[in-house]
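The values are calculated or read from the model by the stated rules, or taken from the named source; none is laboratory data. Because the structure is a prediction, the values reported are computed rather than measured. Cβ: placed from backbone, ideal geometry, glycine included. Neighbour counts: every protein chain shown.
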Amino acid sequence: MENKDLYDVTIIGGGPIGLFTAFYSGMRELKTKVIEYLPQVGGKVTYFYPEKILRDIGAIPGISGADLIKQLSEQAQTFDPTMVFEERVNDLKREDDGTYTLISHNGNRHHTRSVILAIGHGTLGVKKLPIEEALQYEGGNLHYSVDRLEYFSGKHVLISGGGDSAVDWANMLEPLAKKVMIVHRREAFSCHENSVTEMTNSSTKIRCLCYVSGLIGDGNRIEKVRLTHVDTGKIEELEIDELLVNHGFDLDLGGIKEWGLNMIDGKVVTDGKMETSIPGIFAAGDIVTYPNRLSLIAGGLAEGPKALNSAKAYLDPEAEAMAMYSTHHKDFVEV
Ligand SMILES: Cc1cc2nc3c(=O)[nH]c(=O)nc-3n(C[C@H](O)[C@H](O)[C@H](O)COP(=O)(O)OP(=O)(O)OC[C@H]3O[C@@H](n4cnc5c(N)ncnc54)[C@H](O)[C@@H]3O)c2cc1C
């Protein structure tokens, strides 16, 4: 499908940073489109940890991932950007007049004068449990995300994994589950120290050097999990109510890798103005790398407006370097 409208800015990615950038783009009176691959906004926050309480965003002592995205989404809607879902942008074509055409996986074409990449680590997926019978228990009591905390209330939950998600789940579920056990095939967890300290000081049972090697159940529900000890090869069986797995993510930048952007380790190199190596293409959030970047939502929330101000200057070199304060904006000034 040909979307003939020419936009000033097209933001690829509707995660937290794409959403805030869309708001700021409206502040700068640019015609804005957001293209998101998933059917919903929120990026990793919605996908991996909607129930987690985030405490590292300035002026917000604590907010659930879902509420944060609800608020960012509401804020993004202020200036009514065009939102496109379930399209993965793969290709980029520079037209003779200097504008860009973005081409999605389904062949849809989007015309834009500038692009902001807010694509995180690419499109999101989870690594599945490498056990043949696992598939039949998905949708039953095998889970790859925690959508509703209360569901696990009073249950015996086994978590498999050793990264941030697995440990965050253990800490979230420990107060309400009957019993939480975490199994990890390595000796040490690879996540924030304070999360491991919290888990170690809780009632969560920690079993390192151990992995889930088999599932025993009736085809609908897992009744027991088979655990194998890495060192000894010893096998034991454990009764569980729910199995939660996080063995990492399948993240894919797709065709964007081929655009000719200067990249290091799967990230787009930018300068302080969030400019990439291609004129008219800017980037913000987890996709970006530069020295001493703050890998937190708080860091990305500052990069979005910087990228947008650079896009504005690219489109209109005479424009102010940055937007006025929102409190001075005509749409927010109370008369
Ligand atoms: C388990 C876990 C816990 C975390 N906890 C915290 C925390 O407590 N505090 C904190 O500050 N940070 C935390 N983070 C990090 C935080 O989630 C990220 O920094 C943040 O999500 C980055 O936002 P983003 O918008 O740059 O990218 P993402 O959230 O990754 O969003 C990118 C979006 O772009 C879309 N996309 C990608 N490629 C394309 C394409 N080609 N076409 C269309 N759409 C595309 C994706 O589908 C996705 O929706 C955590 C991360 C994880 C994994």
(Q) Which residue is farthest from the ligand (Cβ to nearest atom), if the candidates are limited to region 278-298 and must be buried (at least 16 other Cβ atoms within 10 Å of the Cβ) and either at pLDDT below 95 or under 18 Å from Ile57 (Cα atoms) (or both)? (A) Ala284
Q) Applying the selection to region 35-46, what residues are near the ligand (Cβ under 7 Å from one of its atoms) and not in a loop (DSSP other than H, G, I, E, B)? A) Ile35, Gly43, Lys44, Val45
Q: Take Thr200 and decide whether it is in contact (Cβ under 8 Å) with a residue 12 or more places away in the chain, among the hydroxyl-bearing types (Ser, Thr, Tyr) and more than 21 Å from Leu124 (Cβ to Cβ).
A: no
Q) In this structure, does Lys312 turn out to be surrounded by fewer than 20 Cβ atoms within 10 Å (Cβ to Cβ), away from the ligand (no atom under 16 Å from the Cβ) and either free of Cβ contacts under 8 Å to residues at least 60 places away in the same chain or basic (Lys, Arg) (or both)? A) no
Q. For residues in region 11-34 being within 14 Å of the ligand (Cβ to nearest atom) and β-branched (Val, Ile, Thr), which is surrounded by the most Cβ atoms within 10 Å (Cβ to Cβ)?
A. Ile11
Q | Residue list for region 139-182, restricted to those being farther than 16 Å from Tyr47 by Cα and part of a strand (DSSP E or B) | A | Leu142, His156, Val157, Leu158, Ile159, Ser160, Lys179, Val180, Met181, Ile182
Q) Does region 116-138 hold any residues that are within 13 Å of the ligand (Cβ to nearest atom) and farther than 17 Å from Gly161 by Cβ, and which are they? A) Ile116, Leu117, Ala118, Ile119, Gly120, His121, Gly122, Thr123
Q: Could you please find all residues in region 98-115 being outside any loop (DSSP other than H, G, I, E, B), farther than 17 Å from Leu253 by Cα and within 13 Å of the ligand (Cβ to nearest atom)?
A: His110
Q. What's the number of the condition Glu87 fails, among (1) in a loop (DSSP other than H, G, I, E, B); (2) away from the ligand (no atom under 15 Å from the Cβ); (3) surrounded by 14 or more Cβ atoms within 10 Å (Cβ to Cβ)?
A. (2)
Q. If a residue has to be away from the ligand (no atom under 16 Å from the Cβ) and under 22 Å from Arg185 (Cα atoms) to count, how many in region 139-169 make the cut?
A. 5
Q: Can you work out which of the residues in region 160-202 that are among the aliphatic types (A, V, I, L, M) and over 21 Å from Gly65 (Cα atoms) is surrounded by the most Cβ atoms within 10 Å (Cβ to Cβ)?
A: Val180
Q: Inspect all residues belonging to region 3-10 and state whether any of them is more than 8 Å from the ligand (Cβ to nearest atom), without any contact (Cβ under 8 Å) to a residue 40 or more places away in the chain and among the acidic types (Asp, Glu).
A: no
Q. Does Ser153 satisfy the condition of being under 22 Å from Val245 (Cα atoms) and either touching a Cys at 6+ places or on another chain (Cβ under 6 Å) or surrounded by fewer than 20 Cβ atoms within 10 Å (Cβ to Cβ) (or both)?
A. yes
